[in-house]
Amino acid sequence: MTSGRRVVRPLTDVPARSLVRTAVPRHDGPMSNGAYAAAHEQSLADPTAFWGEAARAVEWTTEPATVLDDSDPPFYRWFRGGRLNTCFNALDRHVRDGRGDQPALHYDSPVTDTRETFTYAQLLDRVATFAGALADLGVEKGDRVVVYMPMVPEAVVAMLACARLGAIHSVVFGGFAPAELAARIEDARPKVVLAASCGIEPTRVVDYMPMLHGALDRSEHTPETVVVLQREQSPAEVGERSTPWEEMTWDECVEGAQPADCVDIEATDPLYVLYTSGTTGRPKGIVRDNGGHAVALRWSMTNVYGVGPGDVWFTASDVGWVVGHSYIVYAPLLTGATTVLYEGKPVGTPDAGAFWRVVSAYGAKAMFTAPTAYRAIKREDSAGELMAGYDLSSLETVFLAGERLDPDTYEWATRMLGVPVVDNWWQTETGWPVAANLRGLEPMPIKPGSPSVPCPGYDVQVLDENARQVPPGTEGAIAIELPLPPGTLPTLWGDDDRYVSEYLSVYDGYYLTGDGGMVDEDGYVFVMGRTDDVLNVAGHRLSTGSIEAALAGHPAVAECAVIGVADDVKGQVPRGLVVLKGGVDEEADGERIRAELVQRVRDEVGAVASLKQVDVVPALPKTRSGKILRKTMREMADGRTPTVPGTIEDASVLDRLAPVLAPRA
Ligand code: COA
Ligand code: AMP
């Protein structure tokens with residue numbers, strides 16, 4: 001690795017004012033007035049001073065002995081020696097400091113017609129009691145707890161209760177079906193699984209227990225206990241089946257429990273593991289530590305999002321995704337702000353005015369969601385007529401992330417709302433923005449199509465295949481020079497080798513983001529999309545490998561490939577291409593098989609995969625070593641000129657695929 005060793009400096013040595021202007025500002029294009037350039041420069045030149053200062057916003061039981069421990073590259077650790085409790089910082093300290101009566105969380109659920117507000121004191125009470133209940137089940141520091149729940153307050157309570165005990169939560173998105181859930185349970189090996197009896201989609205109630213039982217039946221790991229939150233829309237039969245694990249309801253679990261105190265945790269201990277999709281069917285367990293996470297998220301609320309204590313903040317995502325972890329749960333609560341937990345959709349619950357209703361009901365200062373949600377609203381209410389009935393005067397900024405913000409959507413949202421619409425680019429791995437227009441630190445002009453500039457702590461570089469930095473305006477692979485800042489992944493759960501091979505092995509000394517793009521003359525980053533086979537469907541990150549595994553499991557399929565193709569609302573949707581086994585009669589059985597394949601993906605991966613189109617093809621294009629040329633097919637399906645590698649085994653396959661892949665008018 002190329003990164004040199006730096007001197008590890010104790011936190012107490014950090015000067016009180018660390019945002020000193022440096023002599024050579026980076027990214028100092030004509031757009032900048034200095035604060036951003038100074039912060040970014042200092043964060044790279046003297047990370048100890050920069051993050052040491054930021055760490056003062058967090059309450060430690062023991063101050064960190066070091067800010068950045070770079071003694072074992074490429075494994076960097078932040079705030080080693082520090083001790084804290086994330087739940088204490090998110091709840092107890094605010095109650096102690098006089099915010100007990102301030103709303104911490106507004107639960108707004110159009111799908112159940114429920115609205116409920118929890119003050120900081122009330123949320124603390126719930127969390128401490130549930131932590132006590134988990135402790136009664138034997139959950140201790142370091143134990144894993146899988147949370148498979150929809151957008152209900154108990155999901156937030158569960159996460160914070162784990163944090164209180166130092167147990168490691170692993171939240172699994174409720175839209176994932178048994179195969180995805182099982183893969184996560186097998187890797188995380190939880191002592192306890194917390195589930196709800198059902199989730200509620202606009203068109204149907206989704207029972208979780210068949211999915212959970214399906215996952216546990218196929219998993220090699222068995223938890224000790226399964227706790228089920230009964231929801232009246234579809235209560236589950238709890239404990240009625242003979243199972244190797246104990247089953248109880250949430251109420252039974254909590255009954256008689258005594259509040260638990262915060263456990264003192266090492267800054268470098270894991271807070272959670274959140275699985276994310278790679279290209280293979282095996283999800284990657286992104287580890288988040290306690291100390292770096294608290295520092296980075298708290299810093300981002302002030303400096304990126306411009307949100308402070310007492311402000312109301314509305315993030316429409318799901319606790320199963322990183323946006324939900326960071327910006328529904330942890331960052332707003334670490335800040336002493338009020339967060340909105342919205343169980344609904346941008347459209348259809350009941351209409352495309354749903355977000356405006358929520359903003360006006362709670363006086364949200366800022367909101368955050370994925371561009372796809374705005375595209376869905378635009379499709380249903382392009383004139384913004386549904387905004388008219390709501391007072392949106394509190395709304396100062398809209399933040400969008402999770403996928404590329406296309407200029408059309410950006411311009412529409414800006415015109416409709418009349419407030420800055422701010423793109424920010426990041427990943428499950430980073431936990432907070434890599435690039436953003438830092439509204440708190442130094443708002444900059446917005447360039448449509450760009451999430452603006454690298455955030456402090458991130459040395460973003462665009463590299464060519466020889467690891468050379470390309471000139472401004474030239475596309476390449478987006479990489480980040482190590483070390484990554486606090487809050488980003490220190491490794492993958494139980495798999496240091498995979499962390500290195502997946503992220504750090506392509507360019508020595510750099511983290512490979514998996515995204516391609518460029519940086520322009522002003523230092524603005526443009527992210528064009530994944531360079532690998534990871535899918536981004538309606539802001540949901542999915543793996544081609546998982547979907548292919550579901551297709552390949554069908555007895556009529558000889559081989560298959562999944563590619564992501566452009567979609568007006570979802571950004572991207574998967575398309576399946578299958579070669580049938582010899583002897584299968586496509587004419588007679590093709591239609592049935594295609595329908596079964598679509599259903600298999602719903603049953604195994606989840607409806608959220610949105611696989612609607614599967615085509616039977618005579619062959620798949622491959623290299624001579626057998627690698628399927630997904631990128632070539634993706635380009636053909638998007639109507640672009642395909643890149644055909646010289647190593648293709650049989651170029652005539654592409655001619656035979658062309659009519660199938662050609663974009664339909
Ligand atoms: N549990 C169970 N099923 C779920 C689910 C969940 N949590 N979330 C989605 N699904 C199902 C849906 O019901 C739908 O099923 P269907 O095929 O039977 O209709 C399918 O998965 C696809 O859902 P979705 O991706 O939500 O598509 P949609 O067409 O219903 O709605 C949008 C389109 C754009 C409104 C929706 O995708 C959306 O709100 N996206 C925002 C995503 C987001 O917040 N991402 C987080 C990153 S910031
Ligand atoms: P996830 O880990 O689910 O957050 O997905 C991360 C991926 O989503 C990134 O690697 C990008 O491909 C994409 N992404 C997220 N935010 C943006 C953005 N603002 N612009 C472009 N792509 C984005």
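The values are calculated or read from the model by the stated rules, or taken from the named source; none is laboratory data. Given the structure is predicted, the values throughout are model-derived calculations rather than measurements. No Cβ is skipped: glycine too gets one built from the backbone with ideal geometry, and neighbour counts run over all protein chains shown.
Of everything in segment 101-158, what is under 17 Å from LEU91 (Cβ atoms) and aromatic (Phe, Trp, Tyr)? Give them in sequence order.
TYR107, PHE118, TYR120, PHE130
Is one or more of the residues making up segment 446-466 assigned to a strand (DSSP E or B), among the small types (Gly, Ala, Ser), within 16 Å of ligand 1 (Cβ to nearest atom) and surrounded by 24 or more Cβ atoms within 10 Å (Cβ to Cβ)?
No, that holds for no residue.
Among the residues of segment 124-140, write down those that are in contact with a Leu (Cβ under 8 Å, 6 or more places away or on another chain), more than 11 Å from ALA158 (Cα to Cα) and assigned to a helix (DSSP H, G or I).
LEU124, ALA135, listed by residue number.
Give me the pairs: first residue in segment 33-60 and within 15 Å of PRO454 (Cα to Cα), second residue at pLDDT 95 or above and surrounded by fewer than 20 Cβ atoms within 10 Å (Cβ to Cβ), beta-carbon distance under 6 Å, and six or more apart or on different chains, which are they?
These pairs meet every condition: ALA35/GLU442; TYR36/GLU442; LEU44/ASP459.
May I ask you to list the residues in segment 414-430 that are closer than 30 Å to ARG288 by Cβ, touching a strand residue (DSSP E or B) at 6+ places or on another chain (Cβ under 6 Å) and more than 7 Å from ligand 2 (Cβ to nearest atom)?
Correct list: PRO420, VAL421, VAL422.
Show the residue pairs that are 6+ apart or on different chains and have beta-carbon atoms under 9 Å apart, the first residue being within segment 534-545 and on the phi < 0 side of the Ramachandran plot, the second being near ligand 2 (Cβ under 7 Å from one of its atoms) and polar (S, T, N, Q).
VAL534/THR276; ARG541/THR276; ARG541/GLN427; ARG541/THR428; LEU542/ASN536; SER543/THR276
Residue by residue, here is whether (1) more than 16 Å from ligand 1 (Cβ to nearest atom); (2) of a type in the set (Val, Ile, Thr) holds:
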residue: THR513; (1), (2): yes, yes
residue: GLY517; (1), (2): yes, no
residue: ASP532; (1), (2): yes, no
residue: LEU535; (1), (2): no, no
residue: ARG541; (1), (2): no, no
residue: VAL557; (1), (2): yes, yes
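From the set of residues in segment 399-428 that are over 18 Å from the mean Cα position of the chain (by Cα), of a type outside the set (Asp, Glu) and under 22 Å from GLN572 (Cβ atoms), which is nearest to ligand 1 (Cβ to nearest atom)? Explain how you work it out, then say what you get.
Taking segment 399-428 first, the residues over 18 Å from the mean Cα position of the chain (by Cα) are 406-421.
Among the residues that remain, those that are also of a type outside the set (Asp, Glu) are: 407, 409-410, 412-421.
Of the ones still in play, those that are also under 22 Å from GLN572 (Cβ atoms) are 407, 409-410, 412-413, 421.
On the way: PRO407: 19, THR409: 12, TYR410: 16, TRP412: 15, ALA413: 14, VAL421: 15 Å.
Filtering first and then ranking leaves THR409.
Please pick out the residue among LEU611, LEU654 that is surrounded by 12 or more Cβ atoms within 10 Å (Cβ to Cβ), more than 32 Å from the chain's Cα centre (by Cα) and not acidic (Asp, Glu).
LEU654
Give segment 353-370 a look and list any residue that's within 24 Å of the chain's Cα centre (by Cα) and more than 9 Å from ligand 1 (Cβ to nearest atom), or say none.
Within segment 353-370, ALA354, PHE355, TRP356, VAL358, VAL359, ALA364, LYS365, ALA366, MET367 meet the criteria.
From THR117, THR86, grab the single residue that is surrounded by fewer than 18 Cβ atoms within 10 Å (Cβ to Cβ), over 30 Å from SER501 (Cα atoms), under 26 Å from the mean Cα position of the chain (by Cα) and more than 16 Å from ligand 2 (Cβ to nearest atom).
From the options THR117, THR86, the qualifying one is THR117.
Would you be able to say whether some residue in segment 159-178 is closer than 25 Å to PHE314 by Cα and free of Cβ contacts under 8 Å to residues at least 40 places away in the same chain?
Looking for residues that are closer than 25 Å to PHE314 by Cα and free of Cβ contacts under 8 Å to residues at least 40 places away in the same chain, one finds none in segment 159-178, hence no.
Which members of segment 359-374 meet the condition of being surrounded by 22 or more Cβ atoms within 10 Å (Cβ to Cβ) and of a type outside the set (Ser, Thr, Tyr)?
Once the filter is applied, which keeps residues that are surrounded by 22 or more Cβ atoms within 10 Å (Cβ to Cβ) and of a type outside the set (Ser, Thr, Tyr), segment 359-374 yields VAL359, ALA364, ALA366, MET367, PHE368, ALA370, PRO371, ALA373.
So, in segment 273-328, exactly how many residues are assigned to a strand (DSSP E or B), under 17 Å from the mean Cα position of the chain (by Cα) and more than 16 Å from ligand 1 (Cβ to nearest atom)?
At the first step, the residues of segment 273-328 found to be assigned to a strand (DSSP E or B) are 273-276, 284-289, 312-315.
When the remaining residues are screened for being under 17 Å from the mean Cα position of the chain (by Cα), the result is 273-276, 284-289, 314-315.
Pick out the ones that are also more than 16 Å from ligand 1 (Cβ to nearest atom) and you get 273, 284-285, 287-289.
Residues that pass the stated criteria total 6.
Among the listed residues VAL527, VAL614, VAL601, which satisfies the condition of being at pLDDT 95 or above, more than 16 Å from ligand 2 (Cβ to nearest atom), in a strand (DSSP E or B) and outside the structural domain of ASP207 (by TED's automatic domain parsing)?
VAL614
Under 6 Å by Cβ, and 6 or more places apart or on different chains, what pairs join a residue from segment 301-317 that is more than 24 Å from PRO456 (Cβ to Cβ) with one that is among the β-branched types (Val, Ile, Thr) and away from ligand 2 (no atom under 16 Å from the Cβ)?
That search, which allows pairs on different chains as well, returns VAL312/THR338; PHE314/VAL340; PHE314/VAL358.
Which ones in segment 395-409 are away from ligand 2 (no atom under 13 Å from the Cβ) and in contact (Cβ under 8 Å) with a residue 60 or more places away in the chain?
Passing the criteria: GLU396, THR397.
If you check ASP113, ASP136, ASP143, ASP101, which single one turns out to be over 29 Å from THR491 (Cα atoms) and touching a residue at least 24 places away in the same chain (Cβ under 8 Å)?
ASP136
Regarding VAL660, is this residue within 27 Å of GLY175 (Cβ to Cβ), in a helix (DSSP H, G or I) and of a type in the set (Val, Ile, Thr)?
no
Would you say VAL569 is outside the structural domain of LEU212 (by TED's automatic domain parsing), β-branched (Val, Ile, Thr) and under 21 Å from ALA376 (Cβ atoms)?
Yes; evaluated as a whole, the condition is true for this residue.
Is there any pair linking a residue in segment 350-373 that is within 23 Å of VAL322 (Cβ to Cβ) to one that is away from ligand 1 (no atom under 13 Å from the Cβ) and of a type in the set (Asp, Glu), with Cβ under 7 Å and at least six apart or on different chains, and which?
Every condition considered, the pairs that remain are VAL358/ASP108; LYS365/ASP311; LYS365/GLU396; ALA366/GLU396; PRO371/ASP406.
Do you know which residues across segment 154-177 are in a helix (DSSP H, G or I) and either surrounded by 23 or more Cβ atoms within 10 Å (Cβ to Cβ) or within 18 Å of the chain's Cα centre (by Cα) (or both)?
ALA155, VAL156, VAL157, ALA158, MET159, LEU160, ALA161, CYS162, ALA163, ARG164, LEU165
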